[in-house]
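Worksheet: one structure, shown below.
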Amino acid sequence: MLPFWIALQFLGSLPVRLPGMPSPQELGRSLLFYPLVGVLFGSVLMALNLLLEGTPQFLHAALLLAAWVLLSGGLHLDGLADSADAWLGGFGDRERTLTIMKDPRSGPIAVVTLVIVLLLKFAALLALIDTRHGIALLLAPVIGRAAMLGLFINTPYVRAGGLGQALADHLPRPLGVQVLGVTALGCVLVSGWPGLWAVLMATVGFFWLRQVMIRRLGGCTGDTAGAMLELLEVLVLVGLALIQR
């Protein structure tokens, strides 16, 4: 189960201690457990949603969003901020875009992007609480993390060296495709039509975002993978909030 603990440590802020330095093969296999980490996070959010039943709705949604951010440690929001800065400041140039992504500072476009994404998440959570469709709290984290697996399966990793390269090089891709299939089927079986809509919306969003990365960079980076996760979570939440009106 070491690959699962690697995935949990890499994707979240839970106090996970690994017994030692993982091998490249174990790092690659950890990607297979990304959807399972999404199940864990989604289960925590659904449990918290039940505990907050009866709380004023604005406070309810705010606490859920805060817990969501804390579970991931803000890691993927950081990737979204870096990607937003790089896409605007890169002016279409690949090398300039990659250079800006490595800069730890956040510019105005990064701040605006984070505010918009968090505002959309908050508003969608508020709507879903109102209509009592808490299953979205499970679907969004699972689909977002499954998308990261899908991205590494079929997209070149463009930064040589580092953790991301080890993940990409040692991922067992045929098994990864099977995990994605089981994840999609599980979403549909657990939640029915909302799960099917969520998978379809996320699939369209995934291929559009992947194409954007290919055109600009020729592949993906850890930052763009995190950005994809955040954007697909928002897409699933907003989409489900709209169809559940």
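Counted residue by residue at 0.36 nm each, then reduced by the alpha carbon distance between them, the extension gain from Leu118 to Leu2 reaches 38.5 nm. Between the entries [x] 50, 41, 33; [y] 47, 46, 37; [z] 50, 48, 32, the label attached to Cα extents along the principal axes in Å calculated for this structure is [x]. Remark: the chain carries a charge dipole of roughly 280 debye about the Cα centre, counting +1 on each Lys and Arg Cβ and -1 on each Asp and Glu Cβ. For the residues Ile135, Ile116, Ile143, a GNM of the chain with alpha-carbon springs under 10 Å puts the largest fluctuation on Ile116. A 1.4 Å probe run over the protein chains yields, for the chain, 47 Å² of accessible area per residue, whole-number rounding. Projecting the Cα atoms of Ala140, Pro174, Val112 onto the dipole axis of the chain, where Lys and Arg carry +1 and Asp and Glu carry -1 at the beta carbon, places Pro174 farthest toward the positive end.
With Cα atoms defining each centre, the stretch 75-149 and the stretch 174-245 are spaced 13 Å apart in the structure. If I compute solvent accessible area with a 1.4 Å probe over the protein chains, what percent of it on the chain is carbon and sulfur? It is 70 percent, rounded to a whole number. Between Lys102 and Gln57, the contour length at 0.36 nm per residue exceeds the alpha carbon distance by 12.3 nm.
For Gln25 and Arg173, what does the FRET efficiency come to when R0 = 22 Å and r is the distance between their Cβ atoms, rounded to the nearest 0.05? So, using R0 = 22 Å, E works out to roughly 0.95. Lys and Arg at +1, Asp and Glu at -1: add these up for the other residues within a Cβ distance under 10 Å of Leu31 and post the number. Net of charged neighbours comes to +3.
The values are calculated or read from the model by the stated rules, or taken from the named source; none is laboratory data. Being a predicted model, the structure only gives us computed values, none of them experimental. Every residue, glycine as well, gets a Cβ built from its backbone with ideal geometry; the counts of neighbours run over all protein chains shown. Note: accessible area is taken over every heavy atom of the protein model, side chains too, but ligands, DNA and RNA are not part of it. Shrake-Rupley method; radii C 1.70, N 1.55, O 1.52, S 1.80 Å.
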